[in-house]
Amino acid sequence: MFHQYRFKSGCAAFMILSATVGIVAPLLTPAPSFAQTTFSDVQSNYWAATFIQQLSQRGIIAGFPDGSFHPEEQVTRAQFAAMLNKAFQQAAKREAVGFNDVPSNYWASAAIQQAYSTGFLSGYPGNRFEPNQAIPREQVLVSLANGLEYSPNIDAESTLQYYDDASNIDSYARSPIAAATERQIVVNYPNTKLLNPKETATRAQVAAFIYQALFSSKRVSAINSPYVVATGGTEQLYATKPIAVIVPQGTIIPVKYDKAKKILLTKDETVPLTLTVSQNVVTDKGDVVIPAGSQVVGELHPLKEKGGSQFTAQKLVLSTGQEYQINATSEPITKTETISKGAHTQTILQDSAIGAGAAAAVSAVTGNRDITAGKILGGAGIGALFGYFFGKKNVTLITVDPNTDLQMIIGQNLQISLK
């Protein structure tokens, strides 16, 4: 029976995924490094503590080197664009533009382009973006509603009557904010009836809005907060099983290779390799995202600067037959084994798979022209490579333990259908 591998926070290999409706992101989306989950200036009873914790674990927001979060600090448009870029993986809706006040080397240039092309943010007259401008709460809500293509299901003005300060909402923002309200994106602390649309959004408020936007599109589980605005008649968003999950960047996929206990290759060769997922990868609700027995197709290729090798995944083939392009790599492998003249090939190749280049090297050094023990990877004939190693007294090969060295880290969020 296959084990089930649940994602865990901290230093463990996996992070928890949510099981919610629609195209979902994980409950926790880690950065490749360890995610910070507690902050010195965010107490457990702070109104936005859970929103901050969840987004921090997802790698969407982060704290500061001193362990603080600065929850009341204002958010700029550039900072908000960067958060959007990490939180959502939307298809482009329009061509990116170059804003006059966003140089190509500006730290958030790529995030701003992405937020614009996906419809979350727009510029100002004169082709300006104003990246350093503090963003008002109503702009944040409009951005989320527009980027997710939400429109009101009922009369917008009727919905906005919920807010005691609805008259302060700009005309351009009224319909999107009504849609955001219906979708339970709005979080108002301490009084849910006060939207404060013109106030600059804080880091804590933006965390709450983004999390609720993820929840509204069925990408995360619900947070039970008394400050989430839930107007009468709003449809329930909680109850349906997920149809897709995003496996987050930084996740490690456990794999094995049953055909050999060791792989040998030269430092210069590339060999194709197909690995098998060794354990079920599941969400925190028990939904299997990547079943054990699924295959990861890729190749071992040289790392010239490190003098080693690395596995790069190209395709994930689920046991259900679904196929996905995947961005994932192993850690660099630099372990070596030296084969010397007179060595016994049967001993060298026992329980081994071997690249064609390595097979040629072993054949040339040992004098055995008939390398049949072990599996030759890549399908290349070793005869053409033999002359390169002929006359050498020894050769140093990269040695790979496929069941420990090839565990791979996902380099980009991977969306997987659960249908």
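The values are calculated or read from the model by the stated rules, or taken from the named source; none is laboratory data. Computed from a predicted model, the values in this text were never measured in an experiment. For neighbour counting, all protein chains shown are included, and Cβ atoms are generated from backbone atoms with ideal geometry for every residue, glycine included.
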Could you list all residues from segment 271-290 that are touching a residue at least 40 places away in the same chain (Cβ under 8 Å), polar (S, T, N, Q) and either touching an Asp or Glu at 6+ places or on another chain (Cβ under 7 Å) or in a strand (DSSP E or B) (or both)? 280
Scan segment 348-360 and report the pairs whose first residue is in contact (Cβ under 8 Å) with a residue 24 or more places away in the chain and whose second residue is in a helix (DSSP H, G or I) and of a type in the set (Phe, Trp, Tyr), with Cβ atoms within less than 6 Å and a gap of 6+ or a chain change. 360/386; 360/389
Can you say whether residue 189 is of a type outside the set (Lys, Arg), farther than 18 Å from residue 84 by Cα, in a loop (DSSP other than H, G, I, E, B) and at pLDDT 85 or above, as far as the supplied structure shows? yes
Taking the condition of being assigned to a loop (DSSP other than H, G, I, E, B) and at pLDDT 90 or above, how many residues in segment 227-250 meet it? 2
When segment 190-234 is examined, which residues are found to be farther than 19 Å from residue 159 by Cα and more than 30 Å from the chain's Cα centre (by Cα)? 190, 199
Test of understanding: among 309, 319, which residue is of a type outside the set (D, E, K, R) and assigned to a loop (DSSP other than H, G, I, E, B)? 319
Single condition residue 223 does not satisfy, out of (1) modelled with pLDDT of 95 or more; (2) part of a loop (DSSP other than H, G, I, E, B); (3) under 21 Å from residue 86 (Cβ atoms): (1)
Contact list, first residue from segment 48-60 and within 19 Å of residue 251 (Cβ to Cβ), second anywhere and surrounded by fewer than 24 Cβ atoms within 10 Å (Cβ to Cβ) and basic (Lys, Arg), beta-carbon distance below 8 Å, six or more apart or interchain, is 58/86; 59/86; 60/86
With small (Gly, Ala, Ser), out of contact with any Cys (no Cβ under 9 Å at 6 or more places or on another chain) and outside any strand (DSSP E or B) as the only criterion, which of 293, 298 stands out? 293
Within segment 251-270, restricting attention to residues that are of a type in the set (D, E, K, R) and in a strand (DSSP E or B), which residue is farthest from residue 362 (Cα to Cα)? 256
Among the residues in segment 115-132, are any acidic (Asp, Glu) and modelled with pLDDT under 95? no
